[in-house]
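Quick note: the coordinates plus some simple rules give every number you see, no bench work behind them. All figures in this text were calculated on a predicted structure; none of them were measured in a lab. All Cβ positions, even for glycine, are placed from backbone atoms using ideal geometry, and neighbour counts span all protein chains on display.
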Amino acid sequence: MSRLTVKLGKLRLSNPTILASGLLSTGSLLCRALREGAGGVVTKSLTLERREGYSTPVVVGVKDGLVNAVGLTNPGGEEYLREELPLAKKGGGPVIVSVAGGKGEEFAEVASKAEEAGADAVELNLSCPHVRGHGLEIGRDPKLVREVVRRTKEVLSIPLFVKLGLSDRIVVSALSAEREGADGVVAINTLPAMVVDVYARRAILSNVTGGLSGPAIRPVALRCVYELYQNLSVPVIGCGGVEDWESAAEFILAGARAVQVGSAVATRGLRVFSEICKGLSNYLKREGIQNVDNLVGRLEG
Amino acid sequence: MRFEELGMYPARVEKAVRESPAVVSLHLRSPLPREPSPGQFVMVWLPGKEEVPMSVSGWDGARLRISVAKMGETTSELQRVKKGEYLGVKGPLGRGFELGRGPYLLVGGGTGMAPLIFACRRLRERGERVKVLVGARTSSELLFVTEARRTGAEVEVTTEDGSSGEGGMVTDLLERELPKRPWKVLACGPEEMLVRVVEECVKRGRKVQVSLERYMRCGLGVCGSCVLDPVGWRVCTEGPVFEGRLLLRTDFGKFVRDPTGRRLPLPPGRRG
Ligand SMILES: Cc1cc2nc3c(=O)[nH]c(=O)nc-3n(C[C@H](O)[C@H](O)[C@H](O)COP(=O)(O)OP(=O)(O)OC[C@H]3O[C@@H](n4cnc5c(N)ncnc54)[C@H](O)[C@@H]3O)c2cc1C
Ligand SMILES: Cc1cc2nc3c(=O)[nH]c(=O)nc-3n(C[C@H](O)[C@H](O)[C@H](O)COP(=O)(O)O)c2cc1C
Ligand code: FES
């Protein structure tokens, strides 16, 4: 399936499917995702200090998606990098460490520890919609984006990706990140959402509000990817509702060089990566396209 | 699977039954997206409180039964739920017992009888030979003994303090029973007990499936909190029922994870 190899800056992937951040999360499961066909995996977002996250319920299914407010649960960057990263690395493919934080120093500190621990790349989560001060607030403020990316880039030699969420400033923020040396932009994270139970007359998630993911957000994510592709020169990585080869191909045509798969792991299992690859490969063959790269952004008209 | 099937379904409490000083069963009417099979579990949400995993202890075609032991805040509150109240249920989830031709030997310790009584009923409905070994610390904690007998299964009990049956561990009964027939074994209970059950069955060349418990944050296979290392099996998805022999190469009996995902040695005396 050499038709499927892609490059994201210096990072080479055997195929364009990447496990999205926050799904599966633990080292041995990331290893399994790689062995079962993912071209790369992203860890859950790590913070400097250990975080309990919110109490349950933290995830619930809805029509065509999931709504979650996990609350950036993690055992702390250092512990995760020591205990889980080595297990993930056994999968043999690239492991991208996602980093979250409230301030520029925090991102830079966890990111440099990740590089030391053997991460293949870092992804800055500037887009979490449900932890105050830890995501979307940064991602939709181009000045803060510049600050965080600059500080992180200073301490890093492995590739740096920046994950942005939906906001009316997504393109401006992405341009700031690119100017500060980001090697790619991931779009998008979940959309602010909530779910109500009419019998309990309560919001189901303990945090009341959360983020919507899955096929329900795909058209929104596609449009973001399309706009980013029009404006950036670094690679765009599409995320939001990818569940089969057709949805992956939609993102690639809109301008994504690779796609991340999150929620579909719940409905399709870990097979989802190899299934997407098989479908994409057949599609490329049928269309007479040598490499998936030649499909990126090739919308007619 | 469709995303809606991972949603929260309303569950009306039709009946609450005290099974023992420690355990209350709730009979729930809920429009579940699928029929539960023995060994599967549901995530049960007490509105305003947390959501916790509970094995399905019965299914009559319309009503779901769960059997709750008091462990902490949510399970205490669940025991106080009244007829007519609403809970939320996600599921049924996970992989249950693979049930084929018998004879079956069911080994339950404490609340571990919850999934086994459902399996016992299903096997007896199919006319399989079933023997149940029920263990508990003391006689008042023995669970589903009468119900198991009523299915026509042979039942033997044991208590650690000797207050009912012969004194000792349920694994002592197992050692004696295993050589007698080509039993297929199903087990659920404290993890230390399960380790002994699996070791004994492997030694005797008997097939054994065990139902495991781990802290579960989502129950849907997305968060990774319930994973067994180094194999990367999620107890909520690839489990909670596993082939015993395969578990010996994992964290089984050795490590658990806390709610932040930190790995800790299995605490002694844990009920599951
Ligand atoms: C697949 C599965 C099936 C289960 N089936 C049943 C059942 O049929 N009946 C039943 O009564 N209980 C069952 N449990 C255990 C039940 O989920 C826990 O007792 C419950 O989550 C505790 O919640 P709490 O808020 O009351 O207590 P907490 O305050 O959360 O905890 C109280 C104590 O329970 C321990 N505990 C927390 N979570 C678990 C867990 N998942 N497993 C074991 N110990 C835990 C804690 O370490 C603590 O010591 C099952 C668990 C799993 C994973
Ligand atoms: C349960 C869950 C946890 C998530 N945790 C994170 C996280 O820690 N960091 C992050 O950047 N994104 C997180 N996300 C967002 C996903 O990485 C992804 O951006 C989003 O779900 C959209 O992709 P999808 O439709 O394929 O799921 C999480 C999503 C879910 C469903
Ligand atoms: S509880 Fe979340 S993956 Fe099993």
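For the range B:211-219, the Karplus equation 6.51 cos²θ - 1.76 cosθ + 1.60, evaluated at θ = phi - 60°, returns couplings of 9, 9, 10, 9, 4, 10, 8, 10, x Hz by residue, with Gly and Pro reported as x. Computed over the range A:189-230, the quotient of the alpha carbon radius of gyration and 2.2 N^0.38 Å is 1.54. Equivalent ellipsoid of the range A:1-147: semi-axes from √(5λ) of the C-alpha gyration tensor, largest first, are 24, 19, 16 Å. Take each residue in A:195-204, count the other chain C-beta atoms within 10 Å of its C-beta, and the mean is 5. Between B:Val155 and B:Val132, the built amide H atoms are under 5 Å apart, and every one of these is 5 or more places off in sequence or on another chain.
Here the range B:1-145 is described by how far its Cα atoms reach on the three principal axes: 43, 39, 21 Å, from widest to narrowest.
A convex hull fitted to the Cα coordinates of the range A:177-297 yields 127 cubic angstrom per residue.
Hydrodynamic radius of the range B:193-272 by the Kirkwood approach over all distinct alpha-carbon pairs: 12.9 Å. Converting phi to 3J(HN,Hα) with the Karplus coefficients 6.51, -1.76 and 1.60 and the offset θ = phi - 60°, the range B:224-232 yields x, 5, 9, 6, 9, 8, x, 7, x Hz in sequence order, with x at every glycine or proline. Across chain A, the longest run free of exposed loop sites, meaning trypsin sites (Lys or Arg not before Pro) lying outside DSSP classes H, G, I, E and B with no more than 14 other Cβ atoms within 10 Å, spans A:202-270.
Volume per residue of the convex hull around the Cα atoms, evaluated for the range A:147-229, comes out as 125 Å³.
Taking amide H as placed 1.01 Å from N in the peptide plane, the amide H of B:Met71 sits under 5 Å from that of B:Ser76, each at least 5 places away or on another chain.
Kindly provide the GluC sites (Glu not before Pro) of the range B:145-194 that DSSP labels as loop, not H, G, I, E or B, and whose Cβ sees at most 11 other Cβ atoms within 10 Å. The qualifying sites: there are none. For the range A:251-301, GluC sites (Glu not before Pro) meeting the loop criterion (DSSP other than H, G, I, E, B) and having at most 16 other Cβ atoms within 10 Å: A:Glu300.
Translational diffusion of the protein assembly as shown, estimated by Stokes-Einstein from the Kirkwood radius over alpha carbon pairs at 37 °C in a medium of 0.692 mPa s, is 133 µm² per second. Across chain A, the volume of the C-alpha convex hull divided among the residues equals 116 Å³ per residue. Taken residue by residue and averaged, Cβ atoms of other chains lying within 10 Å of the Cβ of A:111-118 number 0.
Evaluating 6.51 cos²θ - 1.76 cosθ + 1.60 at θ = phi - 60° for every residue in the range A:48-56, the Karplus couplings come out as 4, 9, 5, 10, 5, x, 8, 7, 6 Hz, glycine and proline recorded as x. Per-residue ellipticity at 222 nm from helix content only, as computed over chain A with -39500 (n - 2.57) for each DSSP H run of at least four residues, stands at -10500 deg cm²/dmol.
Full extension of the chain between A:Ser274 and A:Lys63 gives 73.5 nm of extra length, using 0.36 nm per residue less the Cα-Cα distance. A DSSP coil position with no more than 14 other Cβ atoms inside 10 Å describes the following GluC sites (Glu not before Pro) in the range A:8-114: A:Glu49, A:Glu52. Taking Rh as the Kirkwood radius computed over C-alpha pairs, what is the Stokes-Einstein D of chain B at 20 °C in a medium of viscosity 1.002 mPa s, expressed in µm² per second? This corresponds to a translational diffusion coefficient of 115 µm²/s. Bridge orientation summary for chain A: considering DSSP beta bridges with both residues in this region, about 40 percent are antiparallel. When the P(r) is computed for the range B:104-265, the part past 20 Å accounts for 51% of the Cα-Cα pairs.
Per-residue Cβ neighbour counts within 10 Å put B:Ser164, A:Ser157 in the sequence A:Ser157, B:Ser164, beginning with the fewest. In this structure, the pairs whose alpha-carbon distance is over 28 Å, taken from A:Lys44/B:Lys49; A:Lys10/A:Lys278; B:Lys83/B:Lys184; A:Lys44/A:Lys90; A:Lys89/B:Lys254; A:Lys89/A:Lys278, are B:Lys83/B:Lys184. Students often get this wrong: which residues of the range A:1-15 have the backbone nitrogen under 19 Å from the point 7 angstrom along Cα-to-C-beta of A:Gln290? Hits in the range A:1-15 for A:Gln290 at 19 Å: A:1-8, A:13-15.
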